[in-house]
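Q: Before I ask anything, here is the structure I am working with.
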Amino acid sequence: MRFLFALLSLWPIFTWGNAFRIPYQNELTEINPLNLRSASGAYIHQALFRNLLWINEKNELTTDLAKKCVWTHSRKLTCTLKENLKWSDGSRLTADDFLQTYEFILSPQSPFTRKEMLFTIANARQYAQGAIKSFADVGIRKKNKNAIEYELAEIDPEFEFKLALPMIAPVKQKNFNLDQPLISSGPYRLKSYDTKNLEINLESNPFYHQTNSRPNIAFIYISDDSIQIPMFSKNEIDLVRRIPTAQIPQWKKDPSFLDIEVLRFDYIGFNISKLDKPTRIALAEAIDYSEWQNLLNSVGRPGCYAFSNTALDQPICLKTNKKKTKLTTTRPASFEIAYSHLGGEDHQRTAEWLKSEWKKYLDIEITPMQLENKVFINTLKNSLPAIFRKGVPLETPLCYSAVKIFEPENPENLYHLSDSDLKDKISKLKKEQNKTKQKILCKAIIEHIKSNALIIPTGRYDLSILLRTPYRKLKFNKLNMADFSQY
């Protein structure tokens, strides 16, 4: 091994077995894509499993396993598969595989947490809840061996985008034990899995419909992402998935540096039962957002609701109260601000800086509280802190994908609001198909959230990564999904 590392230091482009080495930390809880909670950053699954469509870097839908998808009615979509699709074992991939997967996902006995993605399909929710016993009554039908028709119970502008995500991609098998052969649909297939070192090796799938030449990939488990840059510098990995903001200036001129705009709805949240509206407004205004932007070397300004141009024509930003008077309303002596350790030093720096700002201008004592991620998630569910930092990766470039966290039934809703006006606006947005009207509704919803100081948005998110020169053909869309098909 020492001899190998010596070789790596002499030839920067040399890799183990000519493999593209990508680190992962928490991505692989299970190889089954149906168990994913979010597609953002799930690079292993995006290499192995593909769906009918794909979302490109311009937020446009393009075909993948589908030849075309056509709306024949506002609530009926027909998708025709490409000819002669095959699984990674060479067997045919047909419309039956999609239907069997949907039945598997929606089964009342299935454990999949994201089955609600299919609930706008007619009778899908009822089948998943056991109210309807036959899957044949669900609005998904095979028109022929290569065509599927979806009948929706209600208009859903997000539905096509969902057909680009791995969480409802077709799967060939129900048992995803890696001791057994893994059958996949994407540009790669499993070559080997080192259970001792948790290294997953992939090779190009010769049966994928795009027969480009692709390098082998080694996904290497790294328990602490702070060591990614040292490993990159030693040529032990070829991708750094996130550069800490403090190190961005020193890497910007490096040929491996790459900035990727990622659509997220990250924010500083407030427990509205602990913090009244005047206090929330004061906290939001007593921040120098330009200074916060400089602190994080951020392209986008914190304090701005910045979505894709599909959702908003321009960002909507909070203003700083330049007078910055001390808060006089009745309040507890101190608050905690909780955040996950997965945010690394960036979240810690932000929490410490906010503590200083709020002490200086509002005379409020803030206690930063970094929590292990599982503890953090349980804390948000069971005992919501007064202030917390929450990350929300978006699954579509539409405004609804962000603001639906305020819907009463949404699992991301930590507020338990009884705000009928906000609920009504979001409901209208969910069903609106006209893009111009979507933007008008989106702006009204954001202005409502802003005027009630429900959150402080952290602004446009740019993911700064390092990607070694031989692998610069790899493309990322704005949902942080990697397109491994392009080699």
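The values are calculated or read from the model by the stated rules, or taken from the named source; none is laboratory data. Note that the structure is a prediction, hence the values are computed from the model and not measured. Note that each Cβ is placed from the backbone with ideal geometry, even for glycine, and that neighbours are counted across all protein chains shown.
Q: Scan the range 91-134 for residues that are small (G, A, S) and out of contact with any Leu (no Cβ under 7 Å at 6 or more places or on another chain) and report the count. Give the derivation first.
A: Just the residues of the range 91-134 that are small (G, A, S), to begin with: 91, 95, 107, 110, 122, 124, 128, 130-131, 134.
Okay, now just the ones that are also out of contact with any Leu (no Cβ under 7 Å at 6 or more places or on another chain), so 91, 107, 110, 130-131, 134.
Summing the residues that are small (G, A, S) and out of contact with any Leu (no Cβ under 7 Å at 6 or more places or on another chain) in the range 91-134 gives 6.
Q: On the basis of being assigned by TED's automatic domain parsing to the domain that holds T120, in contact with a helix residue (DSSP H, G or I) (Cβ under 8 Å, 6 or more places away or on another chain) and not in a loop (DSSP other than H, G, I, E, B), does C69 make the cut?
A: Numbers: assigned by TED's automatic domain parsing to the domain that holds T120: yes; in contact with a helix residue (DSSP H, G or I) (Cβ under 8 Å, 6 or more places away or on another chain): yes; not in a loop (DSSP other than H, G, I, E, B): yes.
The answer is yes for C69.
For (1) in contact with a His (Cβ under 9 Å, 6 or more places away or on another chain); (2) in a helix (DSSP H, G or I); (3) within 22 Å of D313 (Cβ to Cβ), each residue gets a yes or a no:
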site: D346; (1), (2), (3): no, yes, no
site: L380; (1), (2), (3): no, yes, no
site: R389; (1), (2), (3): yes, no, no
site: V403; (1), (2), (3): no, yes, yes
site: I440; (1), (2), (3): no, yes, yes
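Q: Look at L414 and say whether it is outside any helix (DSSP H, G or I) and closer than 24 Å to M117 by Cβ.
A: Values: outside any helix (DSSP H, G or I): yes; closer than 24 Å to M117 by Cβ: yes.
In short, yes.
Q: Another question, then. Is one or more of the residues making up the range 250-273 modelled with pLDDT of 95 or more and among the hydroxyl-bearing types (S, T, Y)?
A: Taking every residue of the range 250-273 in turn, at least one turns out to be modelled with pLDDT of 95 or more and among the hydroxyl-bearing types (S, T, Y).
Q: Moving to a separate point now. What's the total number of residues in the range 449-487 that are among the polar types (S, T, N, Q), part of a loop (DSSP other than H, G, I, E, B) and outside the structural domain of V392 (by TED's automatic domain parsing)?
A: First, pick out the residues of the range 449-487 that are among the polar types (S, T, N, Q): 451-452, 458, 464, 469, 477, 480, 485-486.
Narrowing the set further to residues that are part of a loop (DSSP other than H, G, I, E, B) leaves 452, 458, 477, 480.
Cutting the leftovers down to outside the structural domain of V392 (by TED's automatic domain parsing) gives us 477, 480.
Residues in the range 449-487 being among the polar types (S, T, N, Q), part of a loop (DSSP other than H, G, I, E, B) and outside the structural domain of V392 (by TED's automatic domain parsing): 2 in total.
Q: So which residues in the range 393-421 are surrounded by fewer than 21 Cβ atoms within 10 Å (Cβ to Cβ), at pLDDT 90 or above and among the hydrophobic types (A, V, I, L, M, F, W, C), if there are any at all?
A: Selection gives I405 alone.
Q: Also, quick follow-up: So K142 passes all but one of these: (1) in contact with a helix residue (DSSP H, G or I) (Cβ under 6 Å, 6 or more places away or on another chain); (2) without any contact (Cβ under 8 Å) to a residue 60 or more places away in the chain; (3) on the phi < 0 side of the Ramachandran plot; (4) crowded, with 17+ Cβ neighbours inside 10 Å. Which condition number does it fail?
A: Against the list (1) in contact with a helix residue (DSSP H, G or I) (Cβ under 6 Å, 6 or more places away or on another chain); (2) without any contact (Cβ under 8 Å) to a residue 60 or more places away in the chain; (3) on the phi < 0 side of the Ramachandran plot; (4) crowded, with 17+ Cβ neighbours inside 10 Å, K142 comes up short only on (4).
Q: So if I check each of F161, F135, F112, which one is over 18 Å from V70 (Cα atoms), of a type in the set (F, W, Y) and at pLDDT 95 or above? Talk me through it step by step, then tell me what you get.
A: Numbers: F161 fails: over 18 Å from V70 (Cα atoms); F112 fails: at pLDDT 95 or above.
Testing whether each residue is over 18 Å from V70 (Cα atoms), of a type in the set (F, W, Y) and at pLDDT 95 or above leaves just F135.
Q: Let me ask you something else. With respect to A136, is the statement that it is assigned to a loop (DSSP other than H, G, I, E, B) and hydrophobic (A, V, I, L, M, F, W, C) true?
A: Values: assigned to a loop (DSSP other than H, G, I, E, B): no; hydrophobic (A, V, I, L, M, F, W, C): yes.
When the stated conditions are applied, A136 does not pass them.
Q: Hey, does the range 104-124 have a residue that's surrounded by fewer than 18 Cβ atoms within 10 Å (Cβ to Cβ), of a type in the set (D, E, K, R), without any contact (Cβ under 8 Å) to a residue 40 or more places away in the chain and not in a helix (DSSP H, G or I)?
A: no
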